[in-house]
Amino acid sequence: MATTTNVRGGALMWPTACFWGACGVFTLDMAYNQFDRWFSASVLASGVLNIAITPWSVCVLDGWCDDHLSTTYRRLYTRFVAFTCLLSRATIVYKVRGHLADFRGREEAYERSWPSSGAHRRRYRAYASSVVAAYLALVVPINLTRLYLLYRYEEYGDSMLLLFFFNMYLQNWSMCCLETHFALLCFGVYLKFRAINDELSAVRSDVMVSNRYPVALRSSLPTLVTTATSILQDPCGRPMEAAVEELRLRHGLTRESVEQLNNMFGGQLALSLITLCIMILFDIYNEAFHVGGGISRSKFIFGWLLQYLFRFFVIVITAHSTTQEGYKTKVLVTEINNRHLNNNTKYELQLFLKQMNHQSIDITACDCFTLNGRLVASVSCAFDILTSSTYVMLLEKCVIYSLNITFI
């Protein structure tokens, strides 16, 4: 539905096309990006270099290396971010090589049989352009501003320090691009589920009318003739069981797309979400302890936190909405099945339910955790506990420092 050229074309898609063409693993038409090998090699080299020069860079930024707690945390943070970016890029490149062709073939087969509507195409383009524009607006200006200020005002603003930050932002850019890969493909699956549910809702309404007003009664009521002429009596003359069978096949192909998304992006999503949470935590910690060098991090802390939270919510909310729309089908099919229907239709509906019960629609991060609303609540509680612990540590450190000064 959302992977063919007619869906992904148009003026609204050019920012996404440029973004994916520069740093994506694949392009808008689901073909392998020829530039990916060079960009991936650059990310690999930048990650290895940052891991190697982390001790020197931390000492320069902090201005000292005597505070073992602060220095150790910053070294762990910097190396962890570099390592996860490397692993994320390597994982998605490997997974895409094994699953992209199957995903593209399934999407094209679906689109040929059941073309997407104009409204769904416009909704997809609007979502894609909005997400990519927000990513660019939140990431590019603040990173370029940070590099400029380092070059212009930092006391130790030599080329090596600028290269260190440039590499860090390049790795961040790579992870942002991979996250948009998942978000846009996942939203395409969401639109499929929604189209199926819209048709099932029409079927449910027709069944309710049919049960409430039998054929003999409807034939004597002119006001109900137009209501009865829908999917129960479609222009192709199909019986209702044929319509339900078609929807069952479409839903099965869409569930397989969800499985392919889990196979391709499961590891990358786990790394992205864990990295985002850790970056939020360490940025709050560094701001609380005023560890940032000559340029105050408070100039950037709100922009970075907004960026991390936006990326986290785009991933989780898109996946959660897709899963919820997929499970909504089960509710609709159950409601239809509870009505008075012929045996063939009952058989198709029960087969539909059985297939949905035996195949999960959950989108997970490498089977470690499910991307849904409960994950947001869990992360919020964890941050509350960790933030409270951080401020307790800060208070304890200030008290100890004050006591030392008093006794001296």
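The values are calculated or read from the model by the stated rules, or taken from the named source; none is laboratory data. On a predicted model such as this, the values are computed, not experimentally measured, just so you know. So basically every Cβ, Gly included, is an ideal-geometry build from the backbone, and we count neighbours across all protein chains shown. Just the protein is used for accessible areas: all its heavy atoms, side chains included, with ligands, DNA and RNA removed. Shrake-Rupley method; radii C 1.70, N 1.55, O 1.52, S 1.80 Å.
Observations, loosely collected:
- Test: residue in segment 315-334 that is surrounded by 16 or more Cβ atoms within 10 Å (Cβ to Cβ) and modelled with pLDDT under 90: no
- In segment 40-53, of all residues being out of contact with any Lys or Arg (no Cβ under 6 Å at 6 or more places or on another chain) and open to solvent by 20 Å² or more (accessible area, probe 1.4 Å), the one that is farthest from L162 (Cα to Cα) corresponds to A41.
- Inter-residue pairs, beta-carbon under 9 Å, first over 11 Å from I196 (Cβ atoms) and in segment 246-261, second among the polar types (S, T, N, Q), 6+ apart: E256/Q359; V258/T322; V258/T323; V258/Q359; V258/S360; E259/Q359; E259/S360; L261/T322
- Residues in segment 17-34 that are among the aromatic types (F, W, Y) and under 17 Å from the mean Cα position of the chain (by Cα): F19, W20, F26.
- Scanning segment 346-378 for residues that are hydroxyl-bearing (S, T, Y) and under 16 Å from F312 (Cα atoms), we see that the one that is modelled with the highest pLDDT is T364.
- Among (1) touching a Gly at 6+ places or on another chain (Cβ under 8 Å); (2) modelled with pLDDT of 90 or more; (3) closer than 22 Å to I280 by Cα, the one test that R89 misses: (1)
- Applying the set (1) at pLDDT 80 or above; (2) open to solvent by 60 Å² or more (accessible area, probe 1.4 Å) to R238 leaves exactly one unmet item: (1).
- Residues that are open to solvent by less than 10 Å² (accessible area, probe 1.4 Å) and more than 23 Å from C277 (Cα to Cα), drawn from segment 118-176: Y124, A128, L150, L161
- With respect to (1) at pLDDT 90 or above; (2) open to solvent by less than 60 Å² (accessible area, probe 1.4 Å), the lone exception for R194 is condition (2).
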